[in-house]
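Asker: Dropping a structure here in C-alpha cells format, bear with me for questions.
The values are calculated or read from the model by the stated rules, or taken from the named source; none is laboratory data. Quantities reported herein were computed from a predicted structural model and do not represent experimental measurements. As a convention, Cβ positions derive from the backbone with ideal geometry for all residues, glycine included, and neighbour counts pool all protein chains shown.
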Amino acid sequence: MITVSVLINGYPILTRSASRIAGEAGEVCTYKIDEGTIIKHNYNKGFVPLVKKMLNTIDEKKVTF
C-alpha cells in the first residue's frame with residue numbers, strides 16, 4: 001500500500017492511497033486507488049510517476065476546505 005498526503009502548514013489537505021492488486025517488482029503493476037480507480041504503473045520507473053498518477057485522480061472541483 002502507498003499513501004500520499006498533501007499538507008499545508010502541517011495540516012493534511014488531500015490524501016490518496018493505493019494498493020497493488022496485480023504485478024510484481026520489475027513489471028507493470030496494477031493499483032486500485034482508494035476511490036475505486038484502477039491505474040497501471042511500471043514498477044521500474046519508481047514511485048514519483050505513481051504518485052503523480054494517484055494525485056491526478058483528485059477532482060479539484062469537488063475539494064472543499
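Asker: Is it fair to say Val4 is part of a helix (DSSP H, G or I), of a type in the set (Val, Ile, Thr) and out of contact with any Leu (no Cβ under 6 Å at 6 or more places or on another chain)? Write out each step before concluding.
Answerer: On the way: part of a helix (DSSP H, G or I): no; of a type in the set (Val, Ile, Thr): yes; out of contact with any Leu (no Cβ under 6 Å at 6 or more places or on another chain): yes.
Taking the combined requirement at face value, the residue does not satisfy it.
Asker: Given the criterion exposed (fewer than 11 other Cβ atoms within 10 Å of the Cβ) and either touching a residue at least 60 places away in the same chain (Cβ under 8 Å) or not polar (S, T, N, Q) (or both), identify the matching residue among Ile33, Ile38, Ile21. Outline the logic, then answer.
Answerer: Numbers: Ile33 fails: exposed (fewer than 11 other Cβ atoms within 10 Å of the Cβ); Ile38 fails: exposed (fewer than 11 other Cβ atoms within 10 Å of the Cβ).
Selected residue: Ile21, the only one of Ile33, Ile38, Ile21 that is exposed (fewer than 11 other Cβ atoms within 10 Å of the Cβ) and either touching a residue at least 60 places away in the same chain (Cβ under 8 Å) or not polar (S, T, N, Q) (or both).
Asker: Return a yes/no flag: does region 16-27 have any residue that is in contact with a helix residue (DSSP H, G or I) (Cβ under 7 Å, 6 or more places away or on another chain), in a strand (DSSP E or B) and over 16 Å from Glu60 (Cα atoms).
Answerer: Scanning region 16-27 turns up at least one residue that is in contact with a helix residue (DSSP H, G or I) (Cβ under 7 Å, 6 or more places away or on another chain), in a strand (DSSP E or B) and over 16 Å from Glu60 (Cα atoms).
Asker: Here are some conditions: (1) at negative phi; (2) surrounded by 10 or more Cβ atoms within 10 Å (Cβ to Cβ). Ile8 meets all but one. Which one does it not meet?
Answerer: (2)
Asker: Looking at (1) within 10 Å of the chain's Cα centre (by Cα); (2) at pLDDT below 95, find the lone condition where Ala25 falls short.
Answerer: (1)
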